[in-house]
Amino acid sequence: MGSAQPTNPLAIFDSHNPPAAEMYKKCVHCGFCLPTCPTYALWGEEMDSPRGRIYLMKLGAEGKASLTDSYVQHFDRCLGCMACMTACPSGVKYDRLIEATRAQLERHYRRSPGELIHRRWIFNLLPYPERLRAVLWPVWAYQASGLRALVRGTGLVKLLPRELRSAEALLPALTLRQLRAGLPERIPAQGELRKRVGLLTGCVQRVLFSGVNAATARVLAAEGCEVLIPRDQSCCGALWVHAGQERQAINSARKLIDVFERASVDTIVTNAAGCGSTIKEYGYLLRNDPQYAERAKVFAAKCKDIAEVLAEIEPRAGRHPLPLRVAYHDSCHLQHAQGVSTQPRQALKTIPKLEILEIPEAALCCGSAGIYNLVQPDTAAQLGDMKVKNCLSTSPDVIASANPGCLMQISSGLKRAGKRVRVLHMIELIDGSIRGTPAEEIGAGHVG
Ligand code: SF4
Ligand code: SF4
């Protein structure tokens, strides 16, 4: 994966997978993508729009731009939300363009020492659930002892460096149960067997949202699926892919393919949209790997979001009514990157008395976007506040989504707004309905 020589000697990119000319040339500059781009919506700057970023890629490839801080900043500010792809009538594959560009920038641009340390800290922690869990024990003590409330109440939190402040604000309230939780390696199907599925537990999801994984496994089993949860599964590589760290992403993908091949399942189920959009693209990520290219395609074809799985099988488990007004927030990596938006609504509609509320400006990202809210905290907070305002305009009892990052981001925005509304993964509502949990007790711990 080392740096190869550039095709154009003036280009700022090397010849290893630069943004492809045949892809960026498909952009006809029509501007249909502009209103859906969150950074363009915030600043109205052409170079912070999809069209502008594609133009910058072209300039970089043709040797007409230099690798300056401001050049890189326009790409750093992109959330990778892929709303532009949904809007584009010309079929520009922006996901592949930005992925290729980011990998080039990672290889050739020197970030400041402070930024490098911050990014290293993130990448040495988040993709490793055991490290994350170890770090969260003292954080749990900090929260449980009342120190967090004191630090926030006295304004001491403002003395923390900006990066730590944003991480602190995003952390949900931790419980001992959550930190100790684990799932068995196999959960039998209830009733006649319909499918044998593997559950991808995610890295951050496994530690901070273990209840969501447990709810997913219960729903699948109740619907007649045998659920296999391989214990040795590692990070899917989503964080690496989104940050342009290609080598680590490829290594993670290979390991995950090995693990799930051994499990020999019909379907691989994800409940974290960011992971889902990455593993469905393994065929492309590993296209040049003779040992894995075909296997990656087979693996990707088996991957489905939990909402897609539920939409495919006729509900068999009974549902109890949940008289709740639920504002459903489409996660960008589900809606735009995977094209899954009707299925989660279809799954929620199986719950009697539950009312689904549509959020204004639904296509706009909430600002979570992988590690975006850690590396671009101010922009992320602005987008989070806009999303919260739009959610609250529907007067919901609950805000539901299908991605851990969105759940944390919206909860954090609700805290800033001083509002208390439950923020749940949509599968927690299905699980609660199947189990007959009283509406007010579902996810009682997740109050924004
Ligand atoms: S991915 Fe999102 S933030 Fe980036 S250019 Fe497209 S719409 Fe804008
Ligand atoms: S909608 Fe597509 S073709 Fe039009 S400007 Fe945006 S990326 Fe280019």
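The values are calculated or read from the model by the stated rules, or taken from the named source; none is laboratory data. Treat the numbers as computed from the prediction; the structure is a model and nothing was measured. As a convention, Cβ positions derive from the backbone with ideal geometry for all residues, glycine included, and neighbour counts pool all protein chains shown. All accessible areas refer to the heavy atoms of the entire protein, side chains included, with ligands and DNA or RNA removed. Shrake-Rupley method; radii C 1.70, N 1.55, O 1.52, S 1.80 Å.
Near K297, which lysines are there with a Cα under 17 Å away, not counting those fewer than 8 places off in the same chain? Leaving aside lysines fewer than 8 places away in the same chain, those within reach of K297 are K255, K280. Peptides 232-239, 329-336, 263-270 ranked from most to least packed by the mean count of surrounding Cβ atoms within 10 Å: 329-336, 232-239, 263-270. For L228, what is the net charge nearby, where nearby means another residue's Cβ is under 13 Å from its Cβ and Lys, Arg count +1, Asp, Glu -1? Net of charged neighbours comes to +1. Geometric descriptor of the chain, per residue, is 138 Å³ (volume of the convex hull of the Cα atoms).
The lysines within cross-link reach of K415, meaning a Cα-to-Cα straight distance under 30 Å and a gap of 8 or more places when in the same chain, are K158, K349, K353, K387, K389.
In percent, what relative contact order does the chain have, based on Cα pairs under 8 Å that are 6 or more apart in sequence?
14 percent
Could you pull out every one of the lysines with an alpha carbon less than 17 Å from that of K58, ignoring same-chain neighbours closer than 8 positions? Correct list for K58: K25, K26, K93.
What separates the Cα centres of region 145-208 and region 55-118 is a distance of 31 Å. Over the residues of the chain, the helix contribution to mean residue ellipticity at 222 nm works out to -14000 deg cm²/dmol, using -39500 (n - 2.57) for each DSSP H run of at least 4.
Each of the peptides 433-443, 78-88, 145-155 was scored by the mean count of other Cβ atoms within 10 Å over its residues; in descending order, highest first, they stand as 78-88, 433-443, 145-155. With a cut-off of 14 Å between beta carbons, the residues surrounding G182 carry a summed charge of +3, where Lys and Arg count +1 and Asp and Glu -1.
Which net charge results for the neighbourhood of R119, defined as the other residues with beta-carbon distances under 13 angstrom from its beta-carbon, given Lys and Arg at +1 and Asp and Glu at -1? Could you put the intermediate results ahead of the total?
On the way: positive: R102, R110, R111, R120; negative: D76, E106, E115, E163.
So the environment of R119 carries a net charge of 0.
Shape class for region 5-60: prolate, because the ratio a/c of the largest to smallest gyration tensor axis (alpha-carbon atoms, square roots of eigenvalues) is 1.5 or more and a/b beats b/c.
With a ≥ b ≥ c the root eigenvalues of the C-alpha gyration tensor of region 372-448, is it rounded (a/c under 1.5), prolate (a/b larger than b/c) or oblate? Judged from the Cα gyration tensor, region 372-448 comes out prolate (a/c at least 1.5, a/b above b/c).
Probe radius 1.4 Å, ligands and nucleic acids ignored: give me the carbon and sulfur share of the accessible area of the chain as a rounded percent.
On the way: 10370 of 18940 Å².
It is 55 percent, rounded to a whole number.
Our summary gives region 1-142 a relative contact order of 27 percent, counting only alpha carbon pairs under 8 angstrom and 6 or more residues apart.
Please say if region 286-405 is rounded, prolate or oblate, where rounded means a/c under 1.5 for a ≥ b ≥ c the square roots of the C-alpha gyration tensor eigenvalues, and otherwise the choice is prolate for a/b larger than b/c and oblate otherwise? Verdict is oblate for region 286-405. Between helix 113-123 and the chain there is an angle of about 40 degrees, using the helix long axis and the longest principal axis of the Cα atoms. Relative to the longest principal axis of the Cα atoms of the chain, helix 246-263 runs at roughly 40 degrees.
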